[in-house]
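See structure below.
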Amino acid sequence: MTGFLDTPAADAAAAERFWPAVTGTTLSARRGGGTFATLLPAAGDANLRVQVVGDPPARAHLDLHVGAVPAAAARVRELGAALLYSEDDLVVLRSPAGIVFCLVPWSGERAGPAAPVWPGGHASVADQLCLDIPDAAYDREFTFWRAVTGWRADPVDSPEFERLLPPPPIPMRLLLQRLQSGPAGVHLDLACSDVAAEVARHEALGATVVRRVPGDWTTLRDPAGREYCVTARPPS
């Protein structure tokens, strides 16, 4: 599984300066007529990509990398996904709650990026995609994603969250968040060994703080207006 950061053209240059600096990656050569690029880590396989889109707002989606795209698409549709677009090596679908995701070929990726250590000694890594789900659709959506991935449910202390943990060596995991208001969507979470230091680093690079939950996480907004979280989880 990889995360895609989708940014309107007007804000793409700022976002594509910010995210390589935040994650310690470099931007690959562009493909798809200049639309797509990958954030390449110094070691390990990439788990983040960027895309220039034509419509606001800046947002995120996830790609599931599978062995046979047509067969996987048929199975996911049987589980309740709606087909939005299909070509030979790409299928775009929408979950029951309205979360857009893609099925793409798996190319043998196995080892996620290592967590960079920043000046001052703390480390961080982007290792989780959070699915933001309206309350009325939550139970159905959790059942859907657990069936799609086959991943193990991991209890979370807070009743508004549930987590799906992939088997090793898949580096990116899923957190599902129950929303009391707002539309369904996806956002990125980073794990870090020092939230205050990591948040300060992001602010210096152009992010703004939206909300602080002491001891747990801080929600920030990137230069394109996309929200994401820095969380107090050990980066691994």
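Quick one: ranking 236, 86, 107, 28 by accessible area, 1.4 Å probe, largest first, what do you get? Please report the intermediate quantities before stating the final value.
Working: 236 120, 86 70, 107 95, 28 25 Å².
I get 236, 107, 86, 28, largest accessible area first.
Rank these residues by their accessible area, most exposed first, probe 1.4 Å: 170, 133.
Listed by decreasing accessible area, they come as 170, 133.
Using a 1.4 Å probe, how large is the accessible area of residue 222, given in Å² and rounded to the nearest 10?
So the heavy atoms of residue 222 present about 10 Å² to solvent.
With θ set to phi - 60°, apply the Karplus curve 6.51 cos²θ - 1.76 cosθ + 1.60 along segment 99-116 and write out the HN-Hα couplings as whole Hz, x wherever there is a Gly or Pro.
Running phi through 6.51 cos²θ - 1.76 cosθ + 1.60 with θ = phi - 60° gives 7, 7, 8, 10, 10, 9, x, 7, 10, x, 4, 9, 10, x, x, 6, 7, x Hz.
Suppose accessible area is computed on protein heavy atoms with a 1.4 Å probe; arrange 172, 1 from highest to lowest.
1, 172
Count neighbours as other Cβ atoms within 10 Å of each site's Cβ, and list the trypsin sites (Lys or Arg not before Pro) in segment 20-101 that are DSSP loop with at most 14 such neighbours.
Details: sites: 30, 31, 49, 59, 75, 77, 94; in loops: 30.
Taking segment 20-101 and a limit of 14 other Cβ atoms within 10 Å, the loop trypsin sites (Lys or Arg not before Pro) found are 30.
At 1.4 Å probe size, what's the solvent-accessible area of residue 101? Round to the nearest 10 Å².
Near enough 0 Å² of accessible area.
Distance between Cα centroids, segment 158-236 to segment 114-131: provide it in whole Å.
Segment 158-236 and segment 114-131 have Cα centres spaced 11 Å from each other.
In square angstrom, rounded to the nearest 10, how much accessible surface does residue 117 have for a 1.4 Å probe?
Here the residue's solvent-accessible area equals roughly 110 Å².
Could you pull out the GluC sites (Glu not before Pro) across segment 143-236 that fall in loop regions by DSSP (anything but H, G, I, E, B) with no more than 13 other Cβ atoms inside 10 Å?
Filter output for segment 143-236: 160.
Take the solvent-accessible surface of the protein heavy atoms, probe 1.4 Å, and return the percent of it on segment 92-133 that carbon and sulfur atoms account for.
Values: 930 of 1600 Å².
Roughly 58 percent, rounded to a whole number.
Averaged per residue, what accessible area in Å² does the chain show with a 1.4 Å probe, protein chains only? Provide the component values of the computation, followed by the final result.
Numbers: 10840 Å² over 236 residues.
Roughly 46 Å² per residue, with all protein chains present.
Give the shape of segment 103-236 as rounded, prolate or oblate, defined through the alpha-carbon gyration tensor: a ≥ b ≥ c are the square roots of its eigenvalues, a/c under 1.5 means rounded, and otherwise the shape is prolate if a/b is larger than b/c and oblate if not.
Note, shape of segment 103-236 comes out oblate.
About its Cα centre, how strong a charge dipole does segment 163-212 have in debye, to the nearest 20, once Lys and Arg get +1 and Asp and Glu get -1 at the Cβ?
Around 220 debye, computed over segment 163-212.
For segment 120-199, what is the convex hull volume of its Cα atoms per residue in Å³?
Output value, Cα hull per residue: 110 Å³.
Based solely on its DSSP helices, what 222 nm [θ] is calculated for the chain when runs of n ≥ 4 H residues each add -39,500 (n - 2.57) and the sum is averaged over all residues, nearest 500 deg cm²/dmol?
It lands at -6500 deg cm²/dmol.
To the nearest 20 debye, what charge dipole does the chain have about its Cα centre, counting +1 at the Cβ of each Lys and Arg and -1 at the Cβ of each Asp and Glu?
140 debye
If I compute solvent accessible area with a 1.4 Å probe over the protein chains, what percent of it on segment 1-68 is carbon and sulfur?
The value for segment 1-68 is 58 percent carbon and sulfur by accessible area.
I need the fraction of alpha carbon pairs in segment 64-152 separated by more than 17 Å, rounded to a whole percent.
Values: 2278 of 3916 pairs.
Summing the P(r) tail past 17 Å for segment 64-152 gives 58 percent.
Quick check: from the Cα gyration tensor, does segment 7-71 come out rounded (a/c under 1.5), prolate or oblate?
Working: a/c = 1.91, a/b = 1.16, b/c = 1.64.
Oblate.
Could you give the alpha-carbon Rg of the chain over 2.2 N^0.38 Å, rounded to two decimals?
Working: Rg = 16.9 Å, N = 236, 2.2 N^0.38 = 17.5 Å.
With N residues counted in the chain, Rg over 2.2 N^0.38 Å equals 0.96.
If you place +1 on the Cβ of every Lys and Arg, -1 on the Cβ of every Asp and Glu, and leave all else neutral, what size is the dipole of segment 82-203 about its Cα centre, to the nearest 20 Debye? Could the numbers behind the result be given before it?
Details: 9 positive and 17 negative charges, 47 e Å.
Taking the Cα centre of segment 82-203 as origin, the dipole is about 220 debye.
The values are calculated or read from the model by the stated rules, or taken from the named source; none is laboratory data. None of these values were measured; they are calculated from a predicted model. Cβ: placed from backbone, ideal geometry, glycine included. Neighbour counts: every protein chain shown. The accessibility values were calculated without ligands, DNA or RNA, using every heavy atom of the protein model including side chains. Shrake-Rupley method; radii C 1.70, N 1.55, O 1.52, S 1.80 Å.
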